[in-house]
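The values are calculated or read from the model by the stated rules, or taken from the named source; none is laboratory data. Predicted, not measured: the structure shown is a model, and the values here were computed from it. Backbone-built Cβ (ideal geometry, glycine too); neighbour counts: all protein chains shown.
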Amino acid sequence: MTQINISTPANTPAFGGQSFGAGKYQMINGTIKGEVDPKDPLNAVIVEIDLAPRNAHGKIAFEGGSADELNNNELVRKFYLGL
């Protein structure tokens with residue numbers, strides 16, 4: 001099973017707080033961390049997954065930064081911010 005955690009410590013108004021037809025947007029800055037199971041057949045499409053180092057659980061860990069401009073609506077609050 002693939003596990004992904006998203007941490008969003010800093011959210012600020014995007015585009016200087018300007019409002020568009022869909023409303024105001026906010027900049028979501030955060031870190032995405034996760035791990036994938038190299039034995040899961042769904043992950044076989046990952047190039048050279050068999051060469052990646054494993055963690056203590058036998059999974060392949062990854063981490064990356066994220067900065068996205070998202071509309072401040074119910075979908076964003078529910079799925080990205082967990083509210």
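Structure summary
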| quantity | calculated |
| --- | --- |
| Selection within the stretch 20-55 - part of a strand (DSSP E or B) and of a type in the set (Val, Ile, Thr) | 28, 31, 32, 36 |
| Selected residue (criterion: modelled with the lowest pLDDT) from residues of the stretch 11-46 that are of a type in the set (A, V, I, L, M, F, W, C) and under 17 Å from residue 64 (Cβ atoms) | 28 |
| Cβ-Cβ under 6 Å pairs, at least 6 apart or on other chains, the stretch 35-61 side on the phi < 0 side of the Ramachandran plot, far side among the aliphatic types (A, V, I, L, M) and assigned to a loop (DSSP other than H, G, I, E, B) | 60/52 |
| Checklist (1) at pLDDT 95 or above; (2) surrounded by 15 or more Cβ atoms within 10 Å (Cβ to Cβ) applied to residue 54, failing item | (2) |
